[in-house]
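S.K.: One structure, as structure tokens, below. Some questions next.
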Amino acid sequence: MKHLLSAGDLDRDAAIHVLDTAARMAATQGREMKKLPTLRGRTVVNLFFEDSTRTRISFETAAKRLSADVINFAAKGSSVSKGESLKDTAQTLQAMGADAVVIRHPASGAPHRLAHSGWVGTSVINAGDGTHQHPTQALLDAYTIRQHLAGGPTHDPTAEPDQRGLGQDLAGLRIAIVGDVLHSRVARSNVQLLHTLGAQVTLVAPPTLVPVGAQAWPCDVSYHLDEVLADQQPDAIMMLRVQRERMGAGAGSGPSHGTGFFPSPLEYTRAFGLDARRLRMLPDHAIVLHPGPMNRGLEISADAADSARAVILEQVTNGVAVRMAVLYLLLAKEKETWA
Amino acid sequence: MSSGPALPVPASGVPGAEVLGPAEITRALTRIAHEILERNKGASGIVLLGIPTRGLPLAHRLAAKIAEVEPDVDPSSLVGSLDVTMYRDDLHRHPTRTIGATEVPADGVDDKVVVLVDDVLFSGRTIRAALDALNDLGRPRAVQLAVLVDRGHRELPIRADYVGKNLPTSLSEKVRVRLSETDPDAGPQVVDTVRIDGGER
Amino acid sequence: MGVTTQYLLRGVAPLGGAPTDLLLADGRIVAVGPDASDGAGPEAVTIQGDGLVALPGLVDLHTHLREPGREDAETVATGTRAAALGGFTSVHAMANTSPVADTAGVVEQVWRLGRDAGWVDVHPVGAVSMGLAGEQLAELGAMAHSAARVRVFSDDGHCVDDPVLMRRALEYVKAFDGVIAQHSQEPRLTLGSQMHEGIVSAEVGLAGWPAVAEEAIIARDVLLAEHVGSRLHVCHVSTAGSVEILRWAKSRGISVTAEVTPHHLLLTDELARSYDPLYKVNPPLRTAADVEAVREALADGTIDIVATDHAPHTREDKDCEWAAAAFGMTGLETALGIVTRTMVDTGRMTWADVARVLSSAPARIGRVHEGERPQGRPLSVGEPANVTLVDPAARWTVDGTQLASTSRNTPFGGRELSGRVVATFLRGRPTVLDGVAADGTRSGAAGPPGGA
């Protein structure tokens, strides 16, 4: 594997290998000395064409914990915004000796172009592209779910938390992903990865936020959160962020914003928000995930976000370990030649 | 751990020749266990860190033998594993290596005598990596090294404190260690063995 | 390029029929048949055409020549040379230039540039609305009565989405037998759209361009055309639903014609998975079912013609991420090869059908089939000697880097096509011989010379 562009790049064994490697990485992060010499002398560039402090910091931390040199290149706001500039920017960074480019870009497919257009020879890691993919987010979600739920009640409760679920997939788990699926790269990545790992995924959203064509995805689709909670008793529920600009008429301006995807925030929360009542409908062992940043009171209530079920901060912690694993697996090996 | 390129020219021995059998391996480990106790004046303050994959079962066996001599000792409390993958200096020369577990006994390694345990000592680079890895875990009072086989050809100023067998080899030979704990897929009848391959004359 | 040179085409098969001889002289076809050589003078050049199909010079109703304004992507001279290499003798140049072809001055400029280049007849298309803004009618009458004699009007690239403006335009051009060529795209349904909306778009995360956005406009326009009794031409039909609406409209006797592009006859939205902007086009590549529907519609006449929508773009407009890239692909040099492969090789159309959809029908829709320099005429004695010779058996692979067009944005590079253009005659003068343009330019599409 030279690039990580999509959760679809990983088959079951490869996905488990990444998660197991992440567990090894996580084990080192409880130590006083968290830094490993593994990628000393390697250079990782964070090329962010879109603001995402969280994801950038997570990748930066991961790279630094492996002793790689990190260059942060925030292309947003500079004159760099489209076209040839992606190519020029990437080539410039490669000329500076980058071994891997971690790219966040508002255009779907930009990391794919970077990896396959012949512009650069570096490894490319997709840190979120448009409404396409965010594979490391899916990996950290899967890692978090596996740590809590894999193996069912038979898992070894005495094992160190980091080592729970080692070697296992997510077979048999029921996972609901709720919210703005249409615009969500997190949803697309998770549907693919969780399915690959054997979980049964149900997307829950108002019909306006389910893409035409989603019927071909390896998951179920429902428009009714209460039914899914009652009938399926999901083991994990993942709440997606609802962007303010997707909301009802009056939000935003201009011809593109005149029509919202749902009538009002209140109506959305009533039908699709995770609140204390819905939290009680979940089975006792169920966990609550959110990729952050949260809109408290919209897709998730404070009760739910702060409950013992919520593993949202664990997701952040696990994100570093997963990204360390990805960097390790892509970079700590023979340099491929690209002549 | 198997080391060195495949193929030929051992001055001594025939292709695939067994150099240690189960009985000899047991005898060597027994001797090493005694040497460890003797040199350190008992088992107190000793931690045996096995280097995965095959150093780990050897460490467990050494601990068991130490416990036979000193019945007060809980053998499992002596043993840990120390994965050195992320400290290697040759990562860029190989396909991606799978990372093994690092688990240190509950008391940690600070002010302990750590005995690193591995199957074959060759260039010394694995032990160099192990010393670095150990350094990140704490500050032992002393570090010693026990190996089942020392095949020579050191590339670093490293030597073993306890050696099961010194085995002169040529660089083109391959030393294969198989242990019942780690090599079950070699067949149901796996017995401990050390062999030299690559004996083309 | 001696104007008086005679050409004797021996053993060619007009419209794929029985082989015979054609004699071209003084810009006209002067003899057809085994005795044609009798009229040849001593200076006549003989072309051994055994195995070649003779077609009337091809006519493209939908070409973007980019001049004035984007001469870095294409000029009238380079675009028309590429057209000649593709077998064309006439092209309609779309109005979305800079400045927009919305006045008599601009259309006359383009018309003159075409005449001076001399590769094909260039017929400018006039804009429907001022500046393609969709608000106010352009000076349609002035363009119609200019030297360029504009008969086709289009805001192509933009849809005339205001129904009142569309109605007025349809009505207004009746006075000079014009036609409105509509780019059917409901703009609100396609805000930010990047590709066909369906299974592939859902997975690759590119904003969808739903089929209904095309079909809704076509449905509205055929009803408007019926209501006001005007001619409507539908550009680049791409969906099965559009075909159904056209079939219904024609069965009602509505005066509507339609075109399909070569790329919509061959390529599908699956190609967007590569995120290579060479496959980004408007309307977008559709599904395999849509491709089958437009092929069937072309074969049964529901779709009248093939038009290239040749849309050259500079490298920087394509060598980037998908969303930042321009819509469009080149097509003049590959059109005949694709029609041959998809329609003739498959037995769905004869060479006479090819002559209809690529020559006589587009000429009639554009009203260039009569007048001083008629196009799309039969290969008969007395007609202008606009002739394209095609090697129907040739199989060739498109070399995307060797096209004659200034721009390189062909999606067909590396694909094997069939039906190679060997020669093109514009009123008796060879613009292309042995697959090489009269100025020595070769085409990666036309293949190496000497194949005949």
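The values are calculated or read from the model by the stated rules, or taken from the named source; none is laboratory data. Being a predicted model, the structure only gives us computed values, none of them experimental. In this analysis, Cβ positions are derived from the backbone assuming ideal geometry, glycine residues included, and neighbour counts consider all displayed protein chains. These area figures cover heavy atoms from the full protein model, side chains too; ligands, DNA and RNA do not enter into them. Shrake-Rupley method; radii C 1.70, N 1.55, O 1.52, S 1.80 Å.
S.K.: In region A:135-316, what percent of the accessible surface is made up of carbon and sulfur (1.4 Å probe, ligands and nucleic acids excluded)? Mind dumping the intermediate values first?
M.R.: Working: 3940 of 7320 Å².
Carbon-and-sulfur percentage of accessible area, whole number: 54.
S.K.: Right, next: Given the Cα-Cα distance of C:A175 and C:D434 and 0.36 nm per residue of separation, how much length would full extension add, in nm?
M.R.: Extra length available between C:A175 and C:D434 comes to 88.8 nm.
S.K.: Taking the Cα-to-Cβ direction at B:E70 and at A:T92 and moving 7 Å from each Cα, how far apart do the two end points lie in nm?
M.R.: Taking the two extended label points, one gets 6.3 nm.
S.K.: Mean separation of Cα pairs under 8 Å and 6+ residues apart, divided by the residue count of chain A: what relative contact order is that in percent?
M.R.: On the way: 664 pairs, mean separation 66.9, N = 339.
Worked out over chain A, it gives 20 percent.
S.K.: Separate question: Provide a whole-number value for the mean count of partner chain Cβ atoms within 10 Å of the Cβ atoms in peptide B:95-101. Intermediate results must be reported in sequence, preceding the final value.
M.R.: Details: counts 3, 10, 4, 5, 13, 1, 7.
Whole-number average of other-chain Cβ neighbours for B:95-101 is 6.
S.K.: Then there's this: Which order do the peptides A:299-311, A:123-135, C:142-154 come out in when sorted by mean C-beta neighbours inside 10 angstrom, highest first?
M.R.: A:123-135, C:142-154, A:299-311
S.K.: Placing +1 at every Lys and Arg Cβ and -1 at every Asp and Glu Cβ, with all other atoms neutral, what dipole size does region B:26-126 have around its Cα centre, in debye to the nearest 20?
M.R.: The dipole of region B:26-126 has a size of about 480 debye.
S.K.: Given only helices, namely DSSP H runs of n ≥ 4 each adding -39500 (n - 2.57), what is the per-residue ellipticity at 222 nm of chain B, to the nearest 500 deg cm²/dmol? Spell out each step's value before the answer.
M.R.: Values: 4 runs with 51 residues, N = 201.
One gets -8000 deg cm²/dmol as the mean residue ellipticity at 222 nm.
S.K.: Based solely on its DSSP helices, what 222 nm [θ] is calculated for chain C when runs of n ≥ 4 H residues each add -39,500 (n - 2.57) and the sum is averaged over all residues, nearest 500 deg cm²/dmol?
M.R.: For chain C, the value works out to -6500 deg cm²/dmol.
S.K.: Over all residues in B:138-150, what is the mean tally of Cβ atoms on other chains that come within 10 Å of each residue's Cβ?
M.R.: Across the residues of B:138-150, the mean count of other-chain Cβ atoms within 10 Å is 0.
S.K.: Sticking with this structure for a sec: Sort all Cα-Cα distances of the protein assembly as shown into consecutive 20 angstrom bins from zero, then give the percent of pairs in each bin up to the one containing the longest distance.
M.R.: Percent of Cα pairs in each bin: 12, 32, 27, 18, 9, 1, 0.
S.K.: Cα-Cα over 22 Å: which of C:K250/C:K280; A:K2/A:K64; A:K2/A:K87; B:K65/B:K165; B:K41/B:K112; A:K2/C:K280?
M.R.: Cα-Cα > 22 Å for C:K250/C:K280; A:K2/C:K280; rest within.
S.K.: At a Förster distance of 51 Å, what's the computed FRET efficiency of A:D51 paired with C:T346, Cβ-Cβ distance as r, to 0.05?
M.R.: The computed FRET efficiency comes out at 0.45.
S.K.: In a shell of Cβ-Cβ distance under 11 Å around A:P211, excluding A:P211 itself, what net charge do Lys and Arg (+1) and Asp and Glu (-1) give?
M.R.: -2
S.K.: What order, most packed first, do the peptides C:359-370, A:138-149, C:39-50, B:38-49 have when packing is the mean number of other Cβ atoms within 10 Å of each residue?
M.R.: Per-residue mean Cβ counts within 10 Å order the peptides as A:138-149, C:359-370, B:38-49, C:39-50.
S.K.: Still on this structure, please answer the following. Around A:L194, what is the net charge, scoring Lys/Arg as +1 and Asp/Glu as -1 over all other residues with Cβ under 14 Å from its Cβ?
M.R.: Charge balance near A:L194 sits at -1.
S.K.: Sticking with this structure for a sec: Based on the alpha-carbon set only, what is the convex hull volume of region B:61-158 divided per residue, in Å³?
M.R.: In region B:61-158, the Cα hull volume divided by residue count equals 116 Å³.
S.K.: Once R0 is set to 45 Å, what does the formula 1/(1 + (r/R0)^6) return for the Cβ-Cβ distance between B:D111 and C:S274, expressed as a FRET efficiency to the nearest 0.05?
M.R.: 0.15
S.K.: Moving on to the next point. What total accessible surface area, summed over both chains, is buried at the interface between chains A and C, computed with a 1.4 Å probe and given in Å² to the nearest 100?
M.R.: Values: alone 14820 and 15850 Å², together 28800 Å².
Between A and C, the summed buried area is about 1900 Å².
S.K.: Calculated from DSSP H runs of 4 or more alone, at -39500 (n - 2.57) each and per residue, what is the 222 nm mean residue ellipticity of chain A, nearest 500?
M.R.: Result for chain A, helices only: -11000 deg cm²/dmol.
S.K.: Output the Kirkwood hydrodynamic radius of region A:1-93, Cα pairs only, in Å rounded to one decimal.
M.R.: 15.3 Å
S.K.: With the cut-off at 1.5 for a/c, could you classify region C:57-365 from its C-alpha gyration tensor as rounded, prolate or oblate?
M.R.: rounded
S.K.: Averaged per residue, what accessible area in Å² does region A:135-316 show with a 1.4 Å probe, protein chains only?
M.R.: Details: 7320 Å² over 182 residues.
Here the residues of region A:135-316 average 40 Å² of exposed surface.
S.K.: If contacts are Cα pairs under 8 angstrom and at least 6 residues apart, what is the relative contact order of region C:57-365 in percent?
M.R.: 16 percent
S.K.: Given just the C-alpha atoms of chain A, how large is their convex hull per residue in cubic angstrom? Write down the numbers at each step before the final one.
M.R.: Numbers: hull volume 47.5 nm³, N = 339.
Convex hull volume per residue, Cα atoms: 140 Å³.
S.K.: Let me ask something else. Listed highest first by mean packing, meaning other Cβ atoms within 10 Å per residue, what order do C:406-414, C:55-63 come in? Don't skip to the end; give the middle numbers.
M.R.: Working: C:406-414: 21.9, C:55-63: 29.8.
Per-residue Cβ counts within 10 Å, averaged per peptide and sorted highest first, yield C:55-63, C:406-414.
S.K.: With the calculation restricted to Cα positions, what are the radius of gyration and Dmax of region C:118-228 in angstrom?
M.R.: 16.2, 51
S.K.: Below 15 angstrom from the Cβ of A:D9, what's the summed charge of the other residues (Lys, Arg +1; Asp, Glu -1)? Before the final figure, lay out the partial values.
M.R.: Numbers: positive: A:K2, A:R12, A:R185, A:R188, C:R273; negative: A:D11, A:D13, A:D129, C:E203.
Every neighbour counted, the sum reads +1.
S.K.: Another question, then. Taking each residue of A:209-219 in turn, how many C-beta atoms of other protein chains fall within 10 Å of its C-beta, and what is the average?
M.R.: On the way: counts 0, 1, 9, 7, 10, 3, 2, 5, 3, 0, 0.
Across the residues of A:209-219, the mean count of other-chain Cβ atoms within 10 Å is 4.
S.K.: May I ask for the equivalent-ellipsoid semi-axes of region A:135-316, computed as the square root of five times each C-alpha gyration tensor eigenvalue and listed largest first in whole Å?
M.R.: 29, 17, 14
S.K.: Normalise the Debye intensity by I(0) for region C:288-429, one equal point scatterer per Cα, no solvent, then take log10 at q = 0.20 Å⁻¹ and round to two decimals.
M.R.: Treating every Cα as an identical point scatterer, log10 I(q)/I(0) equals -1.34.
S.K.: Convex hull volume of the Cα atoms in chain B, per residue, in Å³?
M.R.: Looking at chain B, the number lands at 124 Å³ per residue.
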